[in-house]
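Data first, discussion second: the structure below is written as structure tokens.
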Amino acid sequence: MVTLLLLACHSSRMGVRGWTRVGWLTRSPSRPTGAASLVSLFSQSSTESNIINTTESLLEQQQQTEEQRQLSKEERKKRKELAKEKRRNFIGMAKAVDRGQFATTYQPGGVDGMTFTAKSGLPDRSRPFTVLGIESSCDDTGAAIVRSDGVILGEALASQADIHEVWGGVVPGLAKTAHEENLDRVIDLALRNAGMSLAEVDAIGVTVGPGLEICLRVGCKRAQELAIEANKPFVGIHHLEAHILMARLEEPSLQFPFLALLVSGGHCQILKCLGIGRYSILGGTTDDSLGEAYDKIARLLKLPVGGGGGPAVEALAKNGNATAIPLTVPLLRRKDCDFSYSGLKTNVRRAAEQLAVDRGLNSVDDLGESDRADLAASFQNTAIIHLEQRLERAMKLVEGDGITTLALVGGVAANKEIRRRLDALCQKLQWSMVVPPPRLCTDQGAMSAWAAVERLKVGSSDDPTNQEVYARYPFAFETKERDESVE
Ligand code: KG4
Ligand code: ZN
């Protein structure tokens, strides 16, 4: 079937001006076509009474049409509103988080966000308590023992950089095997470094999402076994919350609410942090995360990418001219707090290819050190301008809520140039910035341990006999708050 929009213009003769009929007509072989229906309507008006009848009926029709038009105007307005609403709801969703269609969201405080339950008990919170934290969400196996006053008593981390270097990125199957091989050794080493036995720790926390499911499962399963065997309170950790809360480990005076910029390999988000388990996303990436963009640029420039390409791009950029290669700052026309790094990555690749042509070289791989450094520096500079622009907008949005502190967190927050530039932005707007030391920005065990401390402090623990892992694990509070905050 073909649907046609038929517009018939007729006629001042019948006292009807302008468009007399606007309608959707459906053409199907079994019915007369829309055009044929109109012809038969006019052929009826051969006698006077017929003309009067027809005029009345046309006037009636016109009235109806007017109503329909009003209705369709309303309808269009409603649809536009809905589309706007839908777009707003999508803001901030990481590309991996499928628009809230997941049954499982992170909501430790129940529907009101404040009613925490201790499903596996709590440690004695009248004195400092200790937590063993385990992290295996991606490519590094981490464990740490952290005390509730924020002291890291012992840590261990098994890097998989060498394993993945050969493949130019993380291979989930290899990562899982490496986690299985290393986990017990890493836990033992962390305990040994803390001078403690498992029996002496008060609780166990483990990352349960988001991340690579097969990798998360390795850590989670072991943590569940240990918690059940040793009868310890158990906490299933949200990896993004763990990154964010590292700012409170770094700066114990940092109180909710505050603003966080979370830049990692999987995420690029601006969040209003309201409390444990309560995060409202003001902006997120529409495509690649910033970490992903660094990794791809590292690959383009043939830099080491095993443990993430960011540090190598940062190091190369130091020797380059940040304005040598003209690049376009993403989303300049979009007045929201979202990010987009995929276009910038393509922009850099094209610029590199052009540079190779200009130099009479066969490929980007043949570019000299100084050109590569210029490319790295120009990429980094443009990526940071994009960060600064989105962040400044978000900062102004939340100032009305009395928020004037920014937590810069996630693996990419280890980047010195980003730290320096965002610190300058905070100074300009008279904000303060909290950023963990670089080694605590990237994934490690202390983040799981500290996030567990924070959860236990508010009276929240999970059931180790009934814990799932989640590749995607959206914050439950994100949609509600986002709507009020972004316009
Ligand atoms: O938080 P993280 O360790 O893992 C995820 O949760 O994703 O972040 C890893 C990401 C990688 O993309 C890595 O290239 C990037 O952080 N990264 C950096 C730097 N150090 C790590 N990016 C830019 N500059 C750095 N110094
Ligand atoms: Zn991470």
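Quick notes on this structure:
- Residues considered: Arg299, Arg334. Of these, the only one that is among the basic types (Lys, Arg) and free of Cβ contacts under 8 Å to residues at least 40 places away in the same chain is Arg334.
- Residue within segment 169-179 that is surrounded by fewer than 21 Cβ atoms within 10 Å (Cβ to Cβ), of a type in the set (Gly, Ala, Ser) and more than 16 Å from ligand 1 (Cβ to nearest atom) present: yes
- In this entry, Met395 is excluded by the filter for residues that are within 16 Å of ligand 1 (Cβ to nearest atom) and not in a strand (DSSP E or B).
- Single residue of segment 403-423 satisfying the filter (near ligand 1 (Cβ under 8 Å from one of its atoms) and either of a type in the set (Phe, Trp, Tyr) or in a loop (DSSP other than H, G, I, E, B) (or both)) that is nearest to the chain's Cα centre (by Cα): Gly410
- Residue list for segment 120-148, restricted to those being in contact (Cβ under 8 Å) with a residue 24 or more places away in the chain, part of a loop (DSSP other than H, G, I, E, B) and either under 25 Å from Gly265 (Cβ atoms) or charged (D, E, K, R) (or both): Asp124, Arg125, Ser136, Ser137, Cys138, Asp139, Asp140
- In segment 285-344, the residues that are near ligand 1 (Cβ under 8 Å from one of its atoms), assigned to a helix (DSSP H, G or I) and over 18 Å from Asp371 (Cβ atoms): Leu290, Gly291, Glu292, Tyr294, Asp295, Gly310, Pro311
Per-residue answers, yes or no, for (1) more than 22 Å from Ile384 (Cβ to Cβ); (2) buried (at least 24 other Cβ atoms within 10 Å of the Cβ); (3) touching a Pro at 6+ places or on another chain (Cβ under 6 Å); (4) among the aliphatic types (A, V, I, L, M):
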residue	(1), (2), (3), (4)
Cys215	yes, yes, no, no
Gln224	yes, no, yes, no
Ala230	yes, no, no, yes
Ile237	yes, yes, no, yes
Arg248	yes, no, no, no
Ser253	yes, no, no, no
Ile270	no, yes, no, yes
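- Residue, nearest to His243 (Cα to Cα), within segment 389-441, restricted to residues that are more than 16 Å from ligand 2 (Cβ to nearest atom) and β-branched (Val, Ile, Thr): Val434
- Entry remark, segment 350-376: residues being surrounded by fewer than 17 Cβ atoms within 10 Å (Cβ to Cβ), touching a residue at least 12 places away in the same chain (Cβ under 8 Å) and either in contact with a Cys (Cβ under 8 Å, 6 or more places away or on another chain) or in a helix (DSSP H, G or I) (or both) number 3 in total.
- When residues in segment 445-465 are screened for being crowded, with 24+ Cβ neighbours inside 10 Å and part of a loop (DSSP other than H, G, I, E, B), 1 of them pass.
The rows are residues; the columns are (1) closer than 28 Å to Asn321 by Cα; (2) crowded, with 20+ Cβ neighbours inside 10 Å.
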residue	(1), (2)
Ser378	yes, yes
Glu399	no, no
Ala424	yes, no
Pro438	yes, no
Gln467	no, no
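- Check on Gly291, in contact with an Asp or Glu (Cβ under 9 Å, 6 or more places away or on another chain), within 16 Å of ligand 2 (Cβ to nearest atom) and within 29 Å of Met395 (Cβ to Cβ): no
- Note on segment 168-194: among residues that are among the small types (Gly, Ala, Ser) and closer than 16 Å to Ala446 by Cβ, the one that is nearest to the chain's Cα centre (by Cα) is Ala190.
No value in this document is a laboratory result; all are computed from the given coordinates. Since this is a predicted model, take the numbers as computed values, not measurements. Cβ atoms come from the backbone with ideal geometry, glycine included; neighbour counts cover every protein chain shown.
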